[in-house]
Number of protein chains: 2
Amino acid sequence: MISTPRAVMTENFIPPIRQPIDRSPTSQTIGSIVRLATHETVFMEGDDAQSLYRVMAGAVRLCKILPGGRRLITDFAFKDDQFGLELDAHHKVTAETIGPTVLLRTRRCPPMQQEQTEFHDNIVDALRRDLSAAQAHVVILGHPEARARVAAFLMSMIRRLSAGHPHTIDLPMSRQDIADHLCLTIETVCRSLSELRRAHVIDIPSRHRIVIKDVNSLETMTTGEE
Amino acid sequence: MISTPRAVMTENFIPPIRQPIDRSPTSQTIGSIVRLATHETVFMEGDDAQSLYRVMAGAVRLCKILPGGRRLITDFAFKDDQFGLELDAHHKVTAETIGPTVLLRTRRCPPMQQEQTEFHDNIVDALRRDLSAAQAHVVILGHPEARARVAAFLMSMIRRLSAGHPHTIDLPMSRQDIADHLCLTIETVCRSLSELRRAHVIDIPSRHRIVIKDVNSLETMTTGEE
DNA sequence: CGAACACTTGAGAGACCTCAAACAGCGTGG
DNA sequence: CCACGCTGTTTGAGGTCTCTCAAGTGTTCG
């Protein structure tokens, strides 16, 4: 049973607009801007890996469909995150937008000679991040208890999404996305969030907004102990 | 509760014997041979990461102690596997031998100018393997059912350990190690193995030897479906 | 041969999953 | 403007599976 049978392959890239982009430490190359609506596919598992993407606005989910039919979301990409780096010819995950999203696409062209080492450093950095993310994911999935996984997920979202207010997060992804990331069912995710709310650890003013009221409790819940 | 409270820090490296080593594609440098007995510590989480290791004989487990006190084995290293690569100053896992083990230790010295790119390639290769391993681990932990995890673990061991006979594996690690790798209890691992035996999918002639009688069944069990 | 250790098996409790139903937000059409 | 339907979310009840606690079996080593 596929969690969300919505893998629509829509390739409506706007005509690539060549323009100079801000030169941040990790991307010193020219790219093209790609604007996508909600639930559009950037690339699919198995596609040729020809471009590297950087989120300028919005959010993307990276997922795999497992042989059993379940969907596994390996990671999310938010503003300033890179994704799509592969070291062989094909993508190993599918990338889909969670909401309206603006991406910077960098074509993977043969780099100039003087850019070679810089390109290399960029690859190593991206690999490091991907590896760290995968290892953190393993740690989260290592907790058998749903509360610990959800708490760890919220802690990670605090670090990545709480621009400005450190106690408020706007989750762009659906409950189902969270469930497929934590390898739980959507009901268990909902129940865990409700438990946290009843325990006065968080508040849920609206569906996708979470207010952290007790970061310490959330942190301790991360370990599975209470 | 720590699964196996046996993290003994024994540093009885034999005096490093400088000698030329076989020049495989991934290690074209001089190293020193390290001989360790069972359950000895190669390095611990937090130690300075100064060396890269390669298993010449035996096996090593790479583990973390989580804040809650549980042990998580992130990976195993068998013959010809490399481990210990870190991109910052400290190791993020603890490495312990599973049985009598011989390692090739390569000091992480500042590489010569002409070796720089080669060293770089080596790092990228190691990162790729670590990343693939972490992603595969995530997929295994994604299965909520114990049988699927154990089946996936056995399939992975077939690929990595079945030298010669593709249907026989000699597992060097203990049941507790397997449990801490799959994030299950030792009892559940035992029960899953017994179930597989009763289902005539595997045979267990001795504790650490497993004979695969029906690879197809094992493969399908990997998905969680039956 | 005995003791320590690792492994296996059993019984009961708790947690998550499955199935089901109710609720809320949102856009559409009357 | 409101009814309606659709989608996504939340809550409830029961079953199944794993974990906990416990006892028993087999191996290895002194």
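The values are calculated or read from the model by the stated rules, or taken from the named source; none is laboratory data. What you are looking at is a predicted structure, and each value in this text was computed from that prediction instead of being measured. All Cβ positions, even for glycine, are placed from backbone atoms using ideal geometry, and neighbour counts span all protein chains on display. Please note that ligands, DNA and RNA were not included when accessible areas were found on the heavy atoms of the full protein model with its side chains. Shrake-Rupley method; radii C 1.70, N 1.55, O 1.52, S 1.80 Å.
Before moving on, here are some points about what is shown:
- Considering the conditions (1) within 8 Å of DNA strand C (Cβ to nearest atom); (2) outside any loop (DSSP other than H, G, I, E, B); (3) away from chain A (no Cβ under 14 Å), B:Ile169 is excluded by exactly one of them, (1).
- Only one of the numbered conditions (1) in a helix (DSSP H, G or I); (2) more than 12 Å from chain A (Cβ to nearest Cβ); (3) exposed (fewer than 15 other Cβ atoms within 10 Å of the Cβ) is violated by B:Ala163, and that is (1).
- Residue match in segment B:200-219 (condition: within 21 Å of B:Leu62 (Cβ to Cβ) and open to solvent by less than 40 Å² (accessible area, probe 1.4 Å)): no
- Note on segment B:32-81: residues that are open to solvent by less than 30 Å² (accessible area, probe 1.4 Å) and in contact with a strand residue (DSSP E or B) (Cβ under 9 Å, 6 or more places away or on another chain) total 25.
- Take the conditions (1) open to solvent by 50 Å² or more (accessible area, probe 1.4 Å); (2) more than 14 Å from chain A (Cβ to nearest Cβ); (3) within 8 Å of DNA strand C (Cβ to nearest atom); B:Glu187 misses just one of them, which is (2).
- Qualifying residues in segment B:166-184 (those that are farther than 22 Å from A:Val138 by Cα and β-branched (Val, Ile, Thr)) - the one surrounded by the most Cβ atoms within 10 Å (Cβ to Cβ): B:Ile169
- Scanning segment B:190-199 for residues that are more than 8 Å from DNA strand C (Cβ to nearest atom) and surrounded by fewer than 20 Cβ atoms within 10 Å (Cβ to Cβ) turns up B:Glu195, B:Arg198, B:Ala199.
- Number of positions in segment A:58-85 that are part of a strand (DSSP E or B) and under 14 Å from A:Arg105 (Cβ atoms): 4
- For B:Val124, the conditions (1) open to solvent by less than 30 Å² (accessible area, probe 1.4 Å); (2) within 13 Å of DNA strand C (Cβ to nearest atom); (3) at pLDDT below 95 are fulfilled apart from (2).
- Meets criteria (under 19 Å from the mean Cα position of the chain (by Cα), in a loop (DSSP other than H, G, I, E, B) and more than 16 Å from DNA strand D (Cβ to nearest atom)) for B:Ala126: no
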